[in-house]
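The values are calculated or read from the model by the stated rules, or taken from the named source; none is laboratory data. Everything numeric here is computed off the predicted structure, so don't read it as measured data. Glycine gets a Cβ as well: all are built from the backbone with ideal geometry, and neighbour counts include every protein chain shown. Just the protein is used for accessible areas: all its heavy atoms, side chains included, with ligands, DNA and RNA removed. Shrake-Rupley method; radii C 1.70, N 1.55, O 1.52, S 1.80 Å.
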Amino acid sequence: MDRRETAALLAYIGRLDPRTIRTDQGEARDQLAQWHELLGDVPMATPHGWDTRIAARQHIRTSPYQILPADIARPWESYRRDRLARHTDPTPSVDPDDQAAWTAELVGTRRAVAAGLTQPALAPAITSGRDGIDPTLEARLREIGSCIPPAARAALAPYRPARAAREVAAALGQPDALSVRCDWCLAQPGEPCRRRRIGPDQGIRGSAPRATPHPGRLDLAAARQAQPTEQVRQPAPA
């Protein structure tokens, strides 16, 4: 604020709180000099949400104490910190090899954000749901039927045999063995069965993932899959 804006602010505050009015010319001049010295770097208003008069009115409404310059400066500093906390530095448009110009643009952008002259550059949010799907990507997924193209899936099959066997079982309508816990190797749902290596002392020396689940796990998955069907076929009690 310049001296004219500071004087206008004091006049506005005097209308809301007559205790701040100075009738003596010397006292009024000293008050104006004091407020301008303390609030000279605070703008009267910015295009994005800051207004010194609103801060002054809020203090007068909520505090029984006479307003001081600090009651304007504190909200202004909070306003600056909040904007800088939400700001993510965008990539400068200058040549990245020109370090001075690169730094100058970053600093200039931050100062403009802190001063309320431009809005903070927010980090892109992760979208969820179908509303955030790119139409081009959605069309591509409909075309190939999966986020992994069939050719890539076939190429990956030798390196993830358990996953490949699970996909084949799902395509053939067979029960998903990995949906249940294995009672033999204690593999949890979603984990492949493991092949135990037993030492001469009958202790387990190690284990390795199996490409196919244990037979008992297959039987348990088949029974689990058939259970809802049997419940549906049972007649309702009379």
Quiz item: Since LEU68 meets every condition but one in (1) of a type in the set (A, V, I, L, M); (2) open to solvent by less than 70 Å² (accessible area, probe 1.4 Å); (3) within 25 Å of LEU16 (Cβ to Cβ); (4) assigned to a loop (DSSP other than H, G, I, E, B), which condition does it not meet?
Solution: (2)
Quiz item: What's the number of the condition SER146 fails, among (1) in a loop (DSSP other than H, G, I, E, B); (2) open to solvent by 90 Å² or more (accessible area, probe 1.4 Å); (3) at pLDDT below 80?
Solution: (2)
Quiz item: Looking at (1) modelled with pLDDT of 80 or more; (2) open to solvent by less than 70 Å² (accessible area, probe 1.4 Å); (3) under 30 Å from ARG194 (Cα atoms), can you tell me which one ALA151 breaks?
Solution: (2)
Practice problem: Could you look through segment 177-192, keep only residues that are small (Gly, Ala, Ser) and in a helix (DSSP H, G or I), and pick out the one that is farthest from LEU220 (Cα to Cα)? | Solution: SER179
Quiz prompt | Selection from segment 72-95 of residues that are of a type in the set (D, E, K, R) and closer than 25 Å to PRO124 by Cβ | solution = ARG80, ARG81, ASP82, ARG83, ARG86, ASP89, ASP95
Self-check item: Filtered residues of segment 72-124 (kept if touching a residue at least 12 places away in the same chain (Cβ under 8 Å), in a helix (DSSP H, G or I) and open to solvent by 60 Å² or more (accessible area, probe 1.4 Å))
Solution: ARG80, LEU84, ARG86, ARG110
